[in-house]
Amino acid sequence: MPELPEVEVTRLSFAERIHGASVIGVRMGKPLRWPLGCEPASLVGTTVGPIARRGKYLWMPLGSGGLLMHLGMSGSLAFGPQALPAGAHDHFDLITTLGTLRLTDPRRFGAVVWSAGLAQDPAAKLLAGLGVEPFDAAFTGEYLYRALHRRRVAVKLALLSGSIVVGAGNIYACEALFRAGIDPRTRGDRVSRARCERLALAVRETLAEALTLGGSTLRDFRDAHGMSGAFQLQARVYDRAGMPCMVCATPIRRIVQGQRSSYFCPTCQRR
DNA sequence: AAGTGGACCTGCTAGC
DNA sequence: TGCTAGCAGGTCCACT
């Protein structure tokens, strides 16, 4: 589920409702990717500030510090008025006066980490080195060109690394490259200025569209029923190996890059 | 510095 | 029908 649009939709779904709440309890399930980094009981009595997002991380100000949260590959956050019994995959509950925020994460690649202030503790390290936000004015074609110019890796991997621009995960990176007409294997330093302009635009458009449509992605689409189908981003290439390109009918190809699947149209996307 | 590959953990699906 | 191998939306870390 969680690439940037899903994380942002998650943030919007509970940020205002939890703002100002006081923590009255914490329940921990199985260990997540990293330890919480503080005594859970020490969070009791703190007040929740405005939730922010940086890349695919969420930041919740809490007392003198805050919690940095990540959904990993399979995580989701739910905020409800009352705490329901915890299921096998519910690994963190923040119980507050306004409701309970619950992290559910079957694969446990997600994390909730206490940070004393995002200055120099371990949580800060997680945010260091992140690229620009895709909707930030700093993310221009020229910026992308300069960043890619120093990279010899495939442009798809450069996008995925998050060190140039954050938020485009495997699905949206594939989709953005399709929109921009760029072969995912193209070396970063071989992407022209003009194509960088198109790519920057394509990344922003792809993420923005997914965001407006509610941020859902493909696997959820299959699992969802009824009207939820109307809110899905239609993938042009992702997970469509062998199926005809929606533009030119050439069969979509699947290749492996950095141990992850890439999908592209060999006709519409060029090196 | 940049690039590569392994690691973390569980659930689902295609294929035999 | 039942088992197994392979695959999955992320990203850190150690090593070259």
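Whose amide H sits under 5 Å from the amide H of A:Phe92, counting only residues 5 or more places off or on another chain, with H placed in the peptide plane?
A:Gly29, A:Leu103
Cα-based Rg (one decimal) and Dmax (whole number) for chain A, in Å?
For chain A, the Cα radius of gyration and maximum Cα-Cα distance read 19.8, 60 Å.
Would segment A:4-127 count as rounded, prolate or oblate if I go by the C-alpha gyration tensor, calling it rounded below 1.5 in a/c and otherwise prolate when a/b exceeds b/c, oblate otherwise? Don't skip to the end; give the middle numbers.
On the way: a/c = 1.18, a/b = 1.04, b/c = 1.13.
Rounded is the answer for segment A:4-127, as its axis ratio a/c remains below 1.5.
Report, in order of residue number, the helices in chain A meeting two criteria: a C-alpha extent of 18 Å or more along the helix axis, and a mean Kyte-Doolittle hydropathy of at least -1.0; treat each whole DSSP H run as one helix. Please report the intermediate quantities before stating the final value.
Numbers: long enough: A:4-18 (21 Å, 0.17); A:193-212 (28 Å, 0.05).
Flagged H segments are A:4-18, A:193-212.
Let me spell out the model: positive unit charges on the Cβ of Lys and Arg, negative unit charges on the Cβ of Asp and Glu, origin at the Cα centre of chain A. What dipole size does that give, in debye rounded to 20? Write down the numbers at each step before the final one.
Working: 34 positive and 21 negative charges, 272 e Å.
I would put it at about 1300 debye.
What is the sum of charges, Lys and Arg at +1 and Asp and Glu at -1, for the other residues whose Cβ falls under 14 Å from the Cβ of A:Val26? Show your work: numbers first, answer last.
Working: positive: A:Arg27, A:Arg102; negative: A:Glu39, A:Asp90, A:Asp93.
Counting the neighbours of A:Val26, the net charge comes to -1.
Add -39500 (n - 2.57) for each DSSP H run of 4 or more in chain A, then divide by its residues: what number comes out at 222 nm, to the nearest 500 deg cm²/dmol? Display every interim value, and only then the final one.
Numbers: 7 runs with 74 residues, N = 271.
Dividing the helical sum by the residues of chain A leaves -8000 deg cm²/dmol.
Where a number appears in this text, it was derived from the coordinates with a stated rule and is not lab data. In this text, all values refer to a predicted model and were calculated from it rather than measured experimentally. Quick reminder, even Gly has a Cβ in these numbers, built from the backbone with ideal geometry, and neighbours come from all protein chains shown.
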